[in-house]
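What follows is one structure encoded as structure tokens, with my remarks underneath.
A short reminder: the numbers here are calculations on the coordinates, not readings from a lab. Bear in mind that the values here come from a model prediction, so they are computed numbers and not experimental data. Every residue, glycine as well, gets a Cβ built from its backbone with ideal geometry; the counts of neighbours run over all protein chains shown.
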Amino acid sequence: MPMPTASPVKKHERGIINGELMEAGPPPASVPLTSAKTRRHDVDWLRVILFALLIWFHYAVFSLWQLEGEERGFEGFNVALFFVIGVMHQWRLAALFVISGMGTAFAFRRRTWQTYLGERGARLGIPLLFGVYVLWFGIFEPVDKTRLLFTIFPGSEDMPYGHLWFIYNLLIYSILLTPLFAHIRENPDSRIVSVARGILRMPAGIGVMLFPALVLSANAILFKPWGFGEVGMWWEFPRYLLYFLFGYLMITAKEDYFPALDRLRVPVTILTPILSVAWFITSEAGDVPHIMEGGWVDKGYPAFSSWATVASLVQSFHAWFWCLFVFSWASKLLNRPSKWLSYLNEAVYPTYIVHMHLTFLPIIILYILGVGYYLGLVIGTVMVAVGVMLCFEVVRRASLARPLFGIKGGKEEVDKLWPYNQTEDDSLRIVLSLTFHALSLGVVFVLYVFLISAGWLGG
């Protein structure tokens, strides 16, 4: 467990800034968060919960092939499961990009744009490069991996960063939107902020329910026909950029945003399940291929049609309403501190980085042992969760490993942790440091073993 900070204000600021994926760890000083009313623990809890769901989601998705042999067929026997997985996939990443935008709004207000870009480069760039060249074997193909790293939309099979595409996109979004963020900070009453406040102040939350969804719909209608959306590429690239921007604007106008959540909670709770059913029916009906993923022009279908427009509207409203649903109920139920929140926030980033390497081998082993899909899903998810936390506990105690795995702070933070905080003997601390750095190398080796073994056993 991390040591408590000396100042309750700073401890609280840490929680708020952690609403952004990249801000795990103690934040820079001087955010004016002295009022209890401004403390937004709900954003942090959502971040933790959504990344925890990520572990379950990836295990569930990558083990679905085990169900192909079910007696009543792959599709029919598992409609409920497909419904849950499909619906979740529509909004979970969107909500995470909104949270990242919120964290950026908190972080940007006390930084120059130069400082912000420098910190983004370090906090996002170092783990990204570590992932590309170490965790995803780029050191063995440095030329090809470097070429693909700078390739626009290389495709899911060729992207050198694997599941770290989230970090890759977030880094690009941060760079692209920095001029706008700087403008808004210098002009808090600018036109874009005034428009955002006006939308948030509309009766019954109708503005925040309607306008962002229409913007997302326009993006889908215009760009989705031309390329298959996959892991943040093609039409999904501007889609997630919009979610990131929405999160930023919400916190910029937070005095209006959080009251708006209270006004829209009831209608959103009623309409979101209806939209989920509409999304499921729309995605299964019609003759346009990949109606939700895009890229049907390559299949010989017209770019624009009434059915494609309807599908884009349903998809955009469905995803946005889910975001509003989780944020509105989190605001009501989760906006409270916890002694575990700071610890879990610090764990989110490194566990996200390593979880994919630990996912595939349990799937294969449990299948070989004859464990059914559903029981395997429970056991395997627990195994991966325990594994990622063990990795986190090791690397957070090695000062040189912390930035590689996205953990903020160096030796000064390590010294607060057990067993370093149990001794003042510098020689013993050096021994401990060498031990945990060696164990961190062991973590990388274990990740390699898990990934290679899964590929070997799974053919």
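Three semi-axes describe the equivalent ellipsoid of the chain; taken as square roots of 5 times the Cα gyration tensor eigenvalues and ordered largest first, they are 34, 31, 21 Å.
Applying a length cut-off of 15 Å (Cα extent along the axis) and a mean Kyte-Doolittle floor of 0.5 to the DSSP H helices of the chain leaves 41-62, 79-108, 165-186, 206-223, 236-252, 306-333, 373-395, 426-458. Computing FRET efficiency as 1/(1 + (r/R0)^6) for T423 and V310, where r is the C-beta to C-beta distance and R0 is 60 Å, gives about 0.35.
Its alpha carbons considered, the range 79-214 gives a radius of gyration followed by a Dmax of 18.7, 58 Å.
Taking every Cα-Cα distance in the range 307-459 and sorting them into 10 Å bins from zero, the calculated P(r) comes out as 9, 26, 25, 25, 12, 3, 1, 0 percent. Of the chymotrypsin sites (Phe, Trp or Tyr not before Pro) found in the range 318-379, those in coil by DSSP whose Cβ has at most 14 other Cβ atoms within 10 Å are W340. Across the range 92-333, the mean sequence separation of Cα contacts (distance under 8 Å, 6 or more residues apart), normalised by length, yields a relative contact order of 27 percent.
Convex hull of alpha carbon positions in the range 128-184: directionally averaged projected area 4.2 nm². Spin-label model, R201 to F140: label points 7 Å out along the Cα-to-beta-carbon direction sit 6.0 nm apart. Restriction of the chymotrypsin sites (Phe, Trp or Tyr not before Pro) in the range 90-157 to DSSP coil positions whose beta-carbon has at most 10 other beta-carbons within 10 angstrom yields F150.
Only Lys, Arg, Asp and Glu carry charge here, each on its Cβ (+1 for the first two, -1 for the last two); on that basis the chain has a dipole of about 1600 debye about its Cα centre. Rounded to the nearest angstrom and listed largest first, the equivalent-ellipsoid semi-axes of the range 92-333 from its Cα gyration tensor are 30, 27, 15.
As a proxy for reagent exposure, ranking S306, S331 by other Cβ atoms within 10 Å from fewest up yields S306, S331. Neighbours of K224 by Cβ distance under 15 Å: Lys/Arg scored +1, Asp/Glu scored -1, total -2. When each of I139, I167 is scored by the number of other beta-carbon atoms lying within 10 Å, the sequence from fewest to most is I139, I167. 3J(HN,Hα) along the range 396-413, derived from phi through the Karplus expression 6.51 cos²θ - 1.76 cosθ + 1.60 where θ = phi - 60°, amounts to 5, 9, 10, 4, 6, 7, 4, x, 5, 9, x, 9, 6, x, x, 4, 5, 7 Hz, with x in place of Gly and Pro.
Is there a quick way to get the dipole size of the range 87-171? I mean about its Cα centre, with the Cβ of Lys and Arg at +1 and of Asp and Glu at -1; what is the value in debye to the nearest 20?
For the range 87-171, the charge dipole is close to 540 debye.
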